[in-house]
Every structure is written in C-alpha cells, then in structure tokens.
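Below is one structure, written out as structure tokens, with a few remarks after it.
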C-alpha cells in the first residue's frame with residue numbers, strides 16, 4: 001500500500017508540473033501575446049515595452065521566467081501583471097464563496113440524484129419514471145449559464161423571491177448566506193442531477209437481475225430492504241466514483257459560469273476577469289488551483305478503489 | 001462487425017422467423033438489425049427528425065433573410081423605423097428597448113439592442129453553433145480514434161506516453177483550458193506548419209472544443225481496442241502477415257465503428273453546450289458573428305428589459321442538444337443493446 005501511495009503522489013506532482021508548464025507555454029509561445037506589449041499600451045514605443053519587460057522579468061529566458069513564477073506561487077508572492085495584486089491572496093479570498101457554492105450544490109445534486117434515480121428505477125416504465133427521465137434529459141441539455149440567467153430573471157426580478165446581490169459570508173450572516181446561494185446551488189446541481197439519476201436508474205435496473213438480489217429475496221428480506229440494502233447500495237459504487245471526479249472539476253473551474261452569472265466573487269469569477277485581461281499570473285494560479293483539486297479527487301477515488309480492491313494496489317489495472 | 005450467432009437473440013429485437021425452412025431465412029446483417037431496433041424506438045426517431053428539422057431551419061437562413069426579413073444577420077438598424085400594424089415604430093426605442101417578438105414578417109422575434117433582426121440572427125447563429133458542434137465532433141473523433149488505435153495496438157511505452165498525455169489534459173479544468181486557449185488564440189490566430197487560422201475564425205473554437213474532449217472519448221475507445229487486440233482474429237491477421245496499419249484500419253476500426261457513431265452523436269451535443277459556454281464568456285465565436293452562445297451573451301446584458309433575447313436562443317440550444325442526446329441514446333441501444341458505451345461529460 002505504501003508503494004501505491006508514493007506512486008500516486010508522484011504521479012499527482014508530475015501532472016501538476018505538466019499543467020503549469022503547458023499554461024505557461026500557451027501564453028508565451030503563441031504569437032502576439034507578449035504581455036509587455038499589452039501592458040505598455042497600444043502605441044507604445046519599443047523602449048517602453050523593453051522597460052516593462054525588464055520590470056516584469058520578461059526579458060529573461062523562458063525557463064528562468066517559469067522558475068521565478070513557480071517560486072513566487074509557492075512563497076505566496078505572485079503578482080498579477082494587470083492590476084498588480086497578489087494572486088495567491090486573491091484566490092484565497094475567493095475560496096469561501098467557491099466552496100460554499102460547490103459543497104452546497106454537491107449535497108443537493110447527490111440527494112436529488114439518489115431520490116430521482118431510485119424512484120425512476122422502482123417505477124421503471126411507469127409515469128413517474130418517464131416524467132423523471134424527461135426532466136433529467138432536459139437538465140443535461142441545458143446551458144448552465146442560461147438556466148442561471150433565466151432563474152435570476154424570473155425568481156429575483158419578476159417575483160422577487162430571492163435577494164439580488166453577491167456572496168454574503170457565512171460568518172457574517174448565515175441566513176443571508178443561504179438565501180443568496182439557493183439559486184446558484186440549484187443551478188449548478190441541475191446538470192449533475194440529470195446525469196447521476198439516469199446512471200443510478202440504469203445501474204439499479206441492471207443490479208435487480210443479479211443473483212445476489214434473488215438470494216436476498218429468497219432469504220425473506222422485504223422488497224424495501226432488498227432495494228435499499230442490496231440494489232441501491234451496490235448501484236452507488238460507480239456514482240460515488242464519478243462524484244469524486246466531478247466534484248474536483250466543479251471546484252477546479254466548473255463553477256465559473258454559475259459564479260459569473262450570479263456575481264459570486266469566488267475563484268471562478270476571478271479566473272473570468274483574469275482571462276478577459278489576458279493576465280498570465282492569475283491564470284496560472286487559478287488553473288493550478290483547479291487542477292490540484294481535480295487531481296486530488298482523482299487520487300482519492302483511486303485510493304478508495306485500492307482500499308476496496310487489492311488487485312488495483314498490486315497490478316497496474318485501473319478501473320475504466 | 002462480428003456478431004457471433006448465439007448473440008443474435010437479444011431482447012427488444014424482432015424474433016427470428018419460425019416455421020420457415022432454414023434455407024429461406026434471409027441473412028440479416030448487423031446494420032439491418034440495428035435499424036430494426038432503432039425503428040421500434042419511436043421517441044429516438046422523433047428526436048432524430050427534430051434535429052434534422054432544426055438543421056433545415058438554420059439552412060434556410062438566407063431565404064428568410066432575403067425574402068421575409070430583408071436584412072442580414074449582422075446589419076444594424078438602430079435608428080430605423082419599421083411599419084408594424086400600419087404604425088411606423090422605432091426598431092430600438094429611444095430608451096434602448098428593442099422591438100419585442102410579434103406576428104410581423106420583419107422582426108418576427110423582435111430586435112436586439114443594435115436593431116438586428118433576432119429571427120435572422122437565430123437562423124444564422126444556429127448554422128454556426130451546429131457547424132461548430134459537428135466539426136468539433138469530427139476533430140475529437142479523428143484524434144481519439146488515432147490515439148486509441150496507436151495506444152491499444154502497440155501497447156507498451158506508446159500506450160504509456162499517450163495515456164499520460166491524456167491524463168494531463170483530463171486533469172485540466174475543461175472550461176478554464178478552453179477559455180485560456182480561446183483568449184490566447186483570438187489575438188494571434190493559430191499557425192501549425194502550413195495551416196493558418198485567423199484569430200476571429202470559427203475554426204479556433206472548433207479546434208479547442210475538439211481538442212479538450214479527446215481524453216473523454218479516447219479512453220473508452222482505447223479500452224475497447226485493448227480488449228479486441230486479444231481476440232483471435234487479430235492473431236490470425238498477424239499470422240497472415242498483415243502490417244500494423246492494415247490491422248488497425250481494416251481489422252480493429254470496423255469493430256469499433258458502432259461505438260464511434262454513438263460517441264460522435266452524443267459529442268455533438270456536448271460540443272454545442274461547450275461552444276455556448278465559451279461564447280458566453282467571450283472566448284468562443286467572435287462578434288459580430290452570431291452563434292446561439294453569443295446571442296445569449298449579448299441578450300443577457302438586457303435581460304431585464306428584453307428577456308426574449310436571452311430566452312429564445314437558449315430554447316434553441318435545449319431543443320437541439322436534447323434531440324441529439326435522446327437520438328444518441330436510441331442509437332446506442334440499437335447498435336449495442338447490451339454494451340454500456342458511456343461518454344462522460
């Protein structure tokens with residue numbers, strides 16, 4: 001097990017290293033994206049551009065620039081080009097909003113997905129199943145930002161059910177925190193409720209034909225016990241796997257659309273601003289932040305598998 | 001496509017004829033069987049038809065623009081008046097509110113803040129959105145199949161290298177990667193050898209969207225190739241002295257074609273959603289070109305005064321993506337009734 005952990009952690013570091021290099025290269029190798037020229041302004045003379053370059057250390061060779069940037073990230077001193085703000089601090093400031101949004105949405109999406117998937121599976125082919133199937137199909141076919149805009153228009157503007165405005169810290173005002181987040185939570189959850197409930201439904205329908213279910217019935221368990229303890233529990237394994245991966249993606253940048261439309265000042269909103277001003281340091285910071293969570297949750301899922309299934313620990317075969 | 005005899009008895013498939021001499025039973029190839037299964041899935045067929053109708057609707061854009069609306073998709077009419085119910089009306093009122101939807105040939109779906117005809121833009125925007133969805137799906141499919149064939153056929157270090165590259169792309173936040181590439185490429189365009197793409201070309205979002213979804217498609221196909229690689233018919237092909245390329249393209253590829261078709265269909269739907277998201281964030285289709293995503297982005301600025309600008313293109317996206325998703329699911333059930341091909345989002 002120790003070797004497995006070490007191998008996975010090394011892999012994690014390698015992937016993060018590769019990602020930081022790629023983001024760095026995207027913004028340095030692509031033509032006409034010289035940051036100094038952009039910061040110096042449209043009609044700057046070459047001398048000014050050269051001075052800006054020297055100020056930002058952009059006249060150094062690429063590997064040196066890269067190392068400087070990485071050192072600044074780890075010592076928390078990375079400054080953005082455009083507004084001269086501390087990138088690490090800005091990301092850190094966005095963490096409460098992003099995590100409030102993502103964790104709340106994750107609770108809603110798992111709860112609703114299990115409920116809908118379970119209802120669909122036990123009423124397979126009947127009206128409940130069809131209605132839920134249509135709902136989840138519509139859910140996965142909807143642009144998230146569009147749903148956010150429509151909910152914002154109808155529920156906060158037309159009937160003023162929810163307050164407008166941005167993120168309210170939990171420590172300041174818990175009621176305000178929740179009431180400002182209900183719409184974003186649901187918006188972010190809809191897509192995943194659709195995916196997960198459909199997946200749970202088909203997993204449960206497959207599991208219902210398994211021998212262990214027949215055995216459970218044969219030993220006299222009630223239908224309810226069979227469904228919940230045997231069918232549902234076994235059908236949840238792939239869902240939990242997927243949850244780990246998706247939660248990483250959502251924290252690592254998937255919430256950017258929801259944060260943008262609802263104006264929640266989280267990491268996603270910060271990333272959006274950085275992208276619009278083509279500011280490399282915040283982009284590297286945010287991408288590494290996002291990739292860290294994606295890789296972290298991938299690794300947690302792998303660990304969970306390794307604990308459950310010794311074959312993975314010993315061999316190379318990863319679950320597909 | 002190899003279908004062993006015993007596997008033909010599949011639930012949901014028409015039964016083999018009984019009481020007929022064996023010599024008179026016609027052979028039915030797998031494609032025909034798939035078609036028979038698909039034909040029974042009325043919902044999927046209707047959704048396929050809806051998608052075709054939406055495509056036709058968008059293809060008719062120049063006709064509508066010329067004969068009904070008398071304006072192009074990017075023409076501003078901000079200071080003009082148009083006659084509605086015999087009354088000359090401002091296309092965009094002095095307070096900035098554009099004409100709303102109504103039963104008039106011009107501005108059937110109203111105008112936007114620049115006095116552009118929303119109906120015309122919707123039709124032209126649909127062409128862009130669907131075109132990007134299809135072209136990006138083609139890019140993803142070609143790249144994934146090549147990666148999967150190489151990794152699955154050669155295995156060993158080639159597989160390791162390709163899989164690690166896929167891991168890295170996989171670990172990228174999809175939206176952030178898309179936006180970062182979109183913004184960076186929009187400035188200078190893209191030059192790969194002889195291939196040059198201008199910064200405002202729709203091939204930029206096509207390449208980006210096609211690229212970011214490669215691991216999601218290449219991984220499951222690679223798994224399938226790895227399994228096929230162990231089968232006897234590949235051994236036989238090797239023994240016959242067939243080269244790697246021939247084995248890959250004439251032995252392995254035909255066996256994964258049904259998977260590819262299903263992935264391709266569902267991928268179009270995903271691509272259209274990603275295109276709309278990138279365009280909404282300003283990293284996809286460049287203005288003044290219309291796509292459904294840019295229309296929502298433009299409309300969202302005026303959501304409190306002219307909500308139809310946001311609502312209408314969104315409904316078109318939902319209709320298109322939904323019909324593709326349902327049709328794709330139907331195709332999967334028809335082509336591969338027992339296998340579980342799943343394209344993770």
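Coordinate-derived values only; no laboratory data. These numbers come from a predicted model, not from an experiment. Note that we place each Cβ from the backbone using ideal geometry, even for glycine, and neighbour counts take in every protein chain shown.
Quick check: pseudo-label points 7 Å beyond the Cα along Cα→Cβ at residue B:49 and residue A:93, how many nm apart are they?
For residue B:49 paired with residue A:93, the spin-label model returns 5.7 nm.
When chain B is treated as a GNM, springs tying every alpha-carbon pair under 10 Å, which of B:99, B:268, B:158 comes out with the largest mean-square fluctuation?
Between B:99, B:268, B:158, it is B:158 that shows the largest mean-square fluctuation.
Suppose a student asked you for the relative contact order of the stretch A:55-158, using Cα pairs under 8 Å spaced at least 6 residues apart; what percent would you report?
9
Once every DSSP H run of n ≥ 4 in the protein assembly as shown is given -39500 (n - 2.57) and the sum is divided by its residues, what mean residue ellipticity at 222 nm do you get, rounded to the nearest 500 deg cm²/dmol?
Result for the protein assembly as shown: -21000 deg cm²/dmol, rounded to the nearest 500.
Evaluate E = 1/(1 + (r/R0)^6) for residue A:202 and residue B:142, where r is the Cβ-Cβ distance and R0 equals 25 Å; express this FRET efficiency to the nearest 0.05.
Approximately 0.30, to the nearest 0.05.
So, R0 is 25 Å and r is the distance between the beta-carbons of residue A:237 and residue B:161; what FRET efficiency does that work out to, to 0.05?
E between residue A:237 and residue B:161, to the nearest 0.05, is 0.25.
Quick check: the distance between the Cα centres of the stretch B:110-157 and the stretch B:211-238, to the nearest angstrom?
Their Cα centres are 24 Å away from one another.
Rounded to the nearest 0.05, what FRET efficiency do residue B:257 and residue A:307 give with R0 = 41 Å and r taken as the Cβ-Cβ distance? Could you check?
Using R0 = 41 Å, I get an efficiency of 0.60.
Using Cβ counts within 10 Å as a stand-in for footprinting exposure, how do B:47, A:102 rank, fewest first?
Neighbour counts put them in this order, fewest first: B:47, A:102.
Given Cα pairs under 8 Å that are at least 6 residues apart, what percent is the relative contact order of chain B?
It rounds to 22 percent for chain B.
In terms of the Cα gyration tensor, with a ≥ b ≥ c the square roots of its eigenvalues, is chain A rounded because a/c is under 1.5, prolate because a/b exceeds b/c, or oblate?
Oblate, since a/c reaches 1.5 and b/c is not below a/b.
Per Stokes-Einstein, at 25 °C and 0.890 mPa s, what whole-number D in µm² s⁻¹ belongs to the protein assembly as shown, with the Kirkwood radius over Cα pairs as the hydrodynamic radius?
90
Give me A:188, A:161, B:335, A:221 ranked fewest to most by other Cβ atoms within 10 Å of their Cβ, as a rough exposure proxy.
Sorted ascending by nearby Cβ count, the order is A:161, A:221, B:335, A:188.
For chain A, modelled as a GNM with alpha-carbon contacts under 10 angstrom, which of A:209, A:263, A:86 fluctuates the most?
Comparing A:209, A:263, A:86 in the GNM, the peak value goes to A:209.
For the stretch A:182-302, compute Rg over Rh where Rg is the Cα radius of gyration and Rh is the Kirkwood radius from the inverse mean 1/r over Cα pairs.
1.18
Arranged from highest to lowest average of other beta-carbon atoms within 10 Å per residue, in what order do the peptides A:123-133, A:275-285, B:284-294 appear?
Peptide ranking by packing, descending: B:284-294, A:275-285, A:123-133.
What ranking of B:75, A:223 emerges when the number of other C-beta atoms within 10 Å of each C-beta is taken as an exposure proxy, fewest first?
Ranking B:75, A:223 by Cβ neighbours within 10 Å, fewest first, gives A:223, B:75.
Taking a quarter of the surface of the convex hull around the Cα atoms of chain B, what do you get in nm²?
With the hull built on Cα positions only, its mean projection is 23.4 nm².
Across peptide A:7-19, how many C-beta atoms of other chains are within 10 Å of each residue C-beta, on average?
Mean inter-chain Cβ contacts per residue within 10 Å come to 2.
Could you work out the mean count of beta carbons from other protein chains within 10 Å of each residue's beta carbon in A:188-198?
That average works out to 1.
Distances over 14 Å make up what percent of all Cα-Cα pairs in the stretch B:32-79?
For the stretch B:32-79, the share of Cα pairs beyond 14 Å comes to 67 percent.
Using 0.36 nm per residue of separation minus the Cα-Cα distance, give me the extension gain between residue A:277 and residue A:64 in nm, one decimal.
Here the answer is 74.3 nm.
Relative contact order for chain A: what percent, with Cα pairs under 8 Å and sequence separation of 6 or more?
Across chain A, relative contact order equals 25 percent.
Under a GNM of chain B (C-alpha, springs under 10 Å), which listed residue has the highest mean-square fluctuation: B:153, B:124, B:304?
With Cα springs under 10 Å in chain B, the top fluctuation among B:153, B:124, B:304 is at B:304.
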